[in-house]
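Here the structure comes first, spelled out in structure tokens, and everything after it is commentary.
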């Protein structure tokens with residue numbers, strides 16, 4: 001084998017190694033539903049170190065090995081789920097919801113001093129990855145320092161204006177009173193997270209658990225409604241205590257209500 005053939009094979013092998021190295025270390029693949037931001041780790045003559053404004057779309061993008069990094073962030077709608085003991089299959093529930101993060105249910109102190117445990121969902125989207133990385137940092141710091149920090153304070157400020165009964169009763173337009181608070185929570189959370197490139201699109205209460213003393217107050221109110229308006233019992237019950245939002249069983253309710261009636265009479 002001549003020297004020229006050995007040289008050609010060596011150069012060909014080096015070329016393949018260089019191509020493989022460039023493909024693996026010198027590029028980053030961004031899958032569909034994901035967006036990226038470039039970061040220059042050290043200052044260069046043509047650019048200062050730090051994050052580059054703008055967003056990189058899906059596909060394979062080249063970078064300078066060991067000097068430049070591409071951060072990947074979700075572009076699709078995300079869900080933050082507050083799930084408590086009321087969800088027996090909390091983990092199964094989370095697996096059935098795309099792009100969901102699950103944390104314990106939120107405790108809210110109402111306007112009259114009672115505690116309510118609310119299972120709720122916050123739907124949000126990352127609208128500006130550059131602002132997000134600049135404000136919170138890389139990785140899931142936006143989730144820890146942004147959403148999990150601001151969401152509890154915002155939810156307590158908006159839903160804390162309600163009384164326990166208003167979580168399931170209707171207003172004059174036959175709309176749940178809590179819907180107005182849900183809309184207020186969307187606006188409040190968006191204003192808190194806007195500088196970090198996060199837009200909150202919806203806040204939805206799924207389930208509410210009340211303290212026992214609150215439940216007893218509901219039962220007394222229901223008995224009073226039944227005694228004062230016997231012809232509208234069904235209507236009062238459906239407006240005040242829909243089965244989907246109250247955590248006691250129907251059989252226990254009937255027995256408790258009957259005892260309450262005997263005491264009142």
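Looking across 155, 148, 133, 144, one residue alone is in a helix (DSSP H, G or I) and without any contact (Cβ under 8 Å) to a residue 40 or more places away in the chain. It is 144.
Of all residues in the range 43-94, those being at pLDDT 90 or above, closer than 15 Å to residue 121 by Cα and part of a loop (DSSP other than H, G, I, E, B) number 1. From the list 101, 112, 173, the lone residue that is surrounded by 15 or more Cβ atoms within 10 Å (Cβ to Cβ) and not in a helix (DSSP H, G or I) is 101.
The values are calculated or read from the model by the stated rules, or taken from the named source; none is laboratory data. Note that the coordinates shown come from a computational prediction; the quantities given were computed from them, not determined experimentally. Don't worry about glycine lacking a Cβ; one is built from the backbone with ideal geometry, like all the others, and counts go over all protein chains shown.
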